[in-house]
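Everything on this sheet refers to the single structure shown next.
The values are calculated or read from the model by the stated rules, or taken from the named source; none is laboratory data. This one's a predicted model, so the numbers in the text were calculated from it and none came from an experiment. Backbone-built Cβ (ideal geometry, glycine too); neighbour counts: all protein chains shown. Side chains included, ligands, DNA and RNA excluded: accessible areas come from the protein's heavy atoms. Shrake-Rupley method; radii C 1.70, N 1.55, O 1.52, S 1.80 Å.
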Amino acid sequence: MNSLEHIVINWVEANSKVIDFGCGDGSLLRSLSRAKGTTGYGVENDPLKIQDCIKNGISVNPIQCFQTVY
């Protein structure tokens, strides 16, 4: 567990609902679920990381990001 993950786990109340924007592979949501009994949902735009979330049993919603060119 890294230091940021430790801080978040100590900050979130037990049995909370959590949304993690840019959740990566869902490891923070998985840790929160195990440590605090949270229900977590991830939001991610990287197709490979979305697959990692699914493999890790994390509910994830894919998003598309659009880049504005000036």
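The table that follows gives values for the structure above.
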quantity: Meets criteria (part of a helix (DSSP H, G or I), surrounded by 16 or more Cβ atoms within 10 Å (Cβ to Cβ) and without any contact (Cβ under 8 Å) to a residue 24 or more places away in the chain) for ILE54; calculated: no
quantity: Sole residue being of a type in the set (Lys, Arg) and either outside any helix (DSSP H, G or I) or within 10 Å of the chain's Cα centre (by Cα) (or both), chosen from ARG30, ARG34; calculated: ARG30
quantity: Failed condition for ASN45, given (1) of a type in the set (S, T, N, Q); (2) open to solvent by less than 90 Å² (accessible area, probe 1.4 Å); (3) touching a Ser or Thr at 6+ places or on another chain (Cβ under 7 Å); calculated: (3)
quantity: Selected residue (only one of GLU13, GLU5 is surrounded by fewer than 12 Cβ atoms within 10 Å (Cβ to Cβ), in contact (Cβ under 8 Å) with a residue 12 or more places away in the chain and of a type in the set (Asp, Glu)); calculated: GLU13
quantity: All positions within the stretch 28-42 that are open to solvent by less than 40 Å² (accessible area, probe 1.4 Å) and of a type in the set (S, T, N, Q); calculated: SER31, THR38
